[in-house]
């Protein structure tokens with residue numbers, strides 16, 4: 001006798017992943033959330049640390065990224081999130097890489113503007129800085145709502161990944177939008193950095209004059225290294241996220257590399273959270289150096305003490321409200 005063939009429900013192919021798989025995934029993203037929060041609040045509440053507004057926007061974008069992937073905590077072992085929760089998480093996940101990429105571009109642009117206005121002895125227009133802060137927020141909302149409307153129009157495409165670690169939309173539209181936006185922002189940020197190097201090279205005589213006076217470099221090498229590392233590592237990590245999301249749209253077998261999704265926020269926390277002035281806050285067993293008096297404090301030395309803080313003229317009260 002021939003057994004009767006029974007149709008297979010496609011949703012039955014989505015099985016909960018092993019506990020070790022999603023535990024490692026959650027722990028890595030939890031650590032990323034902890035370290036970015038550690039970095040953010042250290043700079044927010046410490047009077048000795050000054051950071052640019054776009055720097056804070058970049059860290060907040062990392063928060064959203066981590067929280068987006070952790071929304072299914074408690075449902076991963078069951079693999080049964082509600083449609084509304086699954087759709088909401090999918091929208092946030094597709095928008096998160098774009099938000100970080102946009103915040104990175106805003107950060108690089110503000111660094112360039114601070115340097116340029118310092119060289120020309122002018123002030124940065126606060127309206128420009130405010131507009132830069134809108135860039136990651138607007139970019140996030142655009143991608144988020146594209147993913148949401150795609151999921152609402154193709155509800156059967158909204159589903160957990162095969163290992164039930166997070167939700168995605170089995171459609172090329174949100175993946176293409178996220179990928180294109182991340183690439184565009186990565187290219188834009190790289191172009192700004194290249195132009196900044198060119199700008200500094202053209203004005204190298206000014207740097208030589210400052211060095212001759214024994215004051216120190218105007219643009220510290222450590223800042224260049226941090227920004228360049230962020231562009232390279234952040235750009236690579238963003239593309240890893242896009243490729244992993246893209247693999248979900250073309251594969252039903254899952255991916256063993258989902259733990260790599262934590263690379264992006266962890267790398268940002270490592271690059272910007274290991275600066276000397278942040279680490280010194282928690283080294284309570286060491287004696288703090290006395291703060292220099294206003295007559296001893298010079299502009300380049302102030303920049304060197306906090307290389308990724310805002311580039312400001314500490315001798316001018318009108319230029320000290322950048323925090």
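Just a few scattered comments:
- A simple packing score, the average count of other Cβ atoms within 10 Å per residue, orders the peptides 269-279, 122-132 as 269-279, 122-132, with the highest score first.
- Estimated FRET transfer efficiency when R0 is 30 angstrom, pair residue 260-residue 84 (beta carbons, to 0.05): 0.60
- Spin-label pair residue 131/residue 149, simplified geometry with 7 Å Cα→Cβ offset, distance in nm: 2.6 nm
- Protection proxy ranking for 193-199, 23-29, 60-66, using the average of other Cβ atoms within 10 Å per residue and placing the highest first: 60-66, 23-29, 193-199.
- Label positions at residue 37 and residue 279, each projected 7 Å from the Cα along the C-beta direction, are separated by 2.4 nm.
- Computed over segment 37-169: relative contact order in percent, which uses C-alpha pairs under 8 Å that are six or more apart: 34 percent
- Inter-label distance for residue 77 and residue 202, nm, one decimal - labels placed 7 Å from Cα along Cα-to-Cβ: 6.2 nm
- Placing a label point 7 Å from the Cα of residue 67 along the Cα-to-Cβ direction, the residues of segment 93-112 with a backbone N closer than 19 Å are 93-104.
- Whole-Å semi-axes of segment 78-193's equivalent ellipsoid (Cα gyration tensor): 36, 12, 11
No lab work stands behind these numbers, since they all come straight from the coordinates. Note that the structure is predicted; figures quoted are calculated from it, not measured. Please note: Cβ atoms are built from the backbone with ideal geometry, for glycine as well, and neighbour counts cover all protein chains shown.
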